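Novice: Can you read through this structure? Questions will come right after.
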Amino acid sequence: MGAFFHAVGVFFNHLAEVKWEALGLALACQVVKLGFRSYAWRSILRASFPGQKLKLRTVMGAYTAGVGVNSIVPARGGDVVKLYLVKQRLQDASYATLAPTLIVETLFDAVVAGGLLIWALTLGVLPTEQVYSKIPSVDWQFFVRHGRLTLALGAALLVAAIVGFIWARLRWREFKQRVSLGFAILHDRPRFLRAVILPQAISWGFRLGGLYFFLKAFGVHASVHNALLAQVVDSLATLFPATPGGAGTKQGLIVYLFRHQAVSKALLLAFSVGMNIALVALNVVLGILAVGLMTRTFSFKGLRAASRADETEQPTP
């Protein structure tokens, strides 16, 4: 993280050069993007829980709260917040059904991100193993340098998966029914395309638009090509979310992927850190407001306690 804090210092040195109008447009794109993604998730939830009323503002509040927590907590802890807040608004809902809805919600993202990575590979801009293992700010270099430990962790995860599978087999019928409900919208392809894929495709447009305006705000040449490169950096940095929002990793990757362009390293660091700080600040503020409005408390400690109590009361399948 030392490289990240160095980059923060570089950012503050360039603060006076920020184009605030472009920064405002970038943040506006982020808000609109959250709206479309919330709409898509609500469509998935409504298919999984037919007959139950679920307002868009409820889902958007839960989704925004989760994004806010993910901005400051590693390992996607905000997803738990999303599920907890939505569960309180759905009668007889179980986490076994809610969790798969988040998998469905990321299917299109995986396809788009995979396409972008293939595009980056064809350009030859992605770092090889020999390169990214030497980038000091890449947080997942640990897994590359410690191959044996990585294999051991992988084996432990495999054992855990096998144990989970055996547990599920013992309670297979009811468990399978609950899990399958989370994928219900996939059985209605026209609805899936119309109510999930379309709004998510629009959200990707606003995501790239936000990156375009962030580039412009921090003085880096703004183009569709550069916005796509910045998105590739974001996808790679969040591949292993060991730090909140991929902080540190993004700064190392952004310098490498833009190495063939006539942009100074200091300016790239200012752009990367400035965008990260702006998005984290916006997401956290929106998340706190969402949690406060939905739970009538601004205490994340109280929210965690309520979530644990809810899990304890959850009937065993």
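Taken together, the values in this text are just the output of simple stated rules run on the coordinates, not laboratory data. Keep in mind the model is a prediction, meaning the values are calculated, not measured. Cβ: placed from backbone, ideal geometry, glycine included. Neighbour counts: every protein chain shown.
Novice: For each of D92, D188, D79, D234, count neighbouring Cβ atoms within 10 Å of the residue's Cβ, then give the residues from fewest to most. Numbers along the way, then the final one.
Specialist: Values: D92 9, D188 12, D79 16, D234 24.
By the 10 Å Cβ count, ascending, the order reads D92, D188, D79, D234.
Novice: Most exposed first by the Cβ proxy, i.e. fewest other Cβ within 10 Å, how do F271, F206 rank?
Specialist: Working: F271 29, F206 19.
Listed from fewest to most nearby Cβ atoms, that is F206, F271.
Novice: What does the charge count near F214 come to, summing +1 for each Lys or Arg and -1 for each Asp or Glu among other residues with Cβ under 15 Å from its Cβ? Numbers along the way, then the final one.
Specialist: Numbers: positive: K19, K33, R207, K216, K250; negative: E17, E21, D234.
Within the 15 Å Cβ shell, the charges total +2.
Novice: Hey, which of these cross-link pairs are over 27 Å Cα-Cα: K53/K82; K87/K176; K33/K55; K33/K265; K33/K216; K19/K55?
Specialist: On the way: K53/K82 17 Å; K87/K176 19 Å; K33/K55 18 Å; K33/K265 29 Å; K33/K216 19 Å; K19/K55 37 Å.
Beyond 27 Å between Cα atoms: K33/K265; K19/K55.
Novice: On to the next question. Rank these for me by crowding, K87, K265, K53, K250, going from fewest to most other beta carbons within 10 Å. Walk me through the intermediate numbers first.
Specialist: Details: K87 20, K265 14, K53 10, K250 27.
Final ranking by Cβ density, sparse to dense: K53, K265, K87, K250.
Novice: Continuing with this model, one more query. For the residue pair V73 and S223, what label-to-label distance in nm results when each label sits 7 Å from Cα along the Cα-to-beta-carbon direction?
Specialist: About 4.1 nm, to one decimal.
Novice: Using alpha-carbon positions, what is the distance between the centroids of the range 209-225 and the range 64-82, in Å?
Specialist: The range 209-225 and the range 64-82 have Cα centres separated by 26 Å.
Novice: Length gain on complete extension for the stretch A161 to D188, per 0.36 nm per residue less the alpha carbon to alpha carbon distance? Kindly include the intermediate steps, with their values, before the conclusion.
Specialist: Values: separation 27, 0.36 × 27 = 9.72 nm, distance 2.94 nm.
6.8 nm is the gain from fully extending A161 to D188.
Novice: Follow-up question, since we're still on this one. For a Förster distance of 25 Å, can you work out the FRET efficiency between the beta-carbons of Q177 and V111, rounded to the nearest 0.05? Mind showing how you got there, number by number?
Specialist: Details: r = 28 Å, r/R0 = 1.11.
Approximately 0.35, to the nearest 0.05.
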